[in-house]
Each structure stands twice: as structure tokens, then as C-alpha cells.
Amino acid sequence: MDDEQARREAHETDATVRVGKKGIEAVADELADQLADDEPRKVKFLRAARGGTTTEELAEELAEAAGARLVETRGHTAVYVRDR
């Protein structure tokens, strides 16, 4: 799936994973499991997770931890697809 198609599909959906004070390690496996069906997934980064870092930095770290490809970040939300 290309990035543009993933953005269009994700636009109509709600975030299925929320990253909170426990950080990305707590949700990396869940995101990887959700990406198994080849649908793009949205992740919301809550204020408690961001601390002194940016959403973009956390989004990149989560992509690496979950074996996913980051499509885009917008505000405090990121869109991922399965990394092939």
C-alpha cells in the first residue's frame, strides 16, 4: 500500500492505539498485531507519553519497535502501515 492510499484510508478511522505514560514499549506489540491485517492504523500520543519529546520522535521510535512504517504524523496522531 502506498502512502497516499494509506492516508486516505486512515483519514476515516479513529485511533486504535493510544500511547500514554507507560510509553511506546507498552503498545509496540499491540500495534504490530493490528498491522497484521494490512490495514493502516492510527496511533494517538497522549500528553503523558510526550513528556519532553515530540510526537514525530516518538512516532519514529514506535515504528521501529513495532516493525511498522510511519506514513505521516499530524498533530499528536501518527499513521502506520506494516513494513514489508
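The values are calculated or read from the model by the stated rules, or taken from the named source; none is laboratory data. Just so you know, these numbers come straight off a predicted model, no measurement behind them. Virtual Cβ from ideal backbone geometry, glycine too; neighbours counted across all protein chains shown.
Listed values, structure above:
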| item | result |
| --- | --- |
| Cβ pairs under 7 Å, 6+ apart, first in region 4-19 and farther than 23 Å from Arg50 by Cα, second modelled with pLDDT under 85 and buried (at least 16 other Cβ atoms within 10 Å of the Cβ) | none |
| Residue list for region 32-57, restricted to those being under 9 Å from the mean Cα position of the chain (by Cα) and either exposed (fewer than 15 other Cβ atoms within 10 Å of the Cβ) or over 23 Å from Gln5 (Cβ atoms) (or both) | Phe45 |
| Conditions (1) at pLDDT below 90; (2) under 10 Å from the mean Cα position of the chain (by Cα); number of the one not met by Glu4 | (2) |
| Unmet criterion (only one of (1) without any contact (Cβ under 8 Å) to a residue 40 or more places away in the chain; (2) under 15 Å from Val79 (Cβ atoms)) for Pro40 | (1) |
| In region 58-84, the residues that are crowded, with 19+ Cβ neighbours inside 10 Å and on the phi > 0 side of the Ramachandran plot | none |
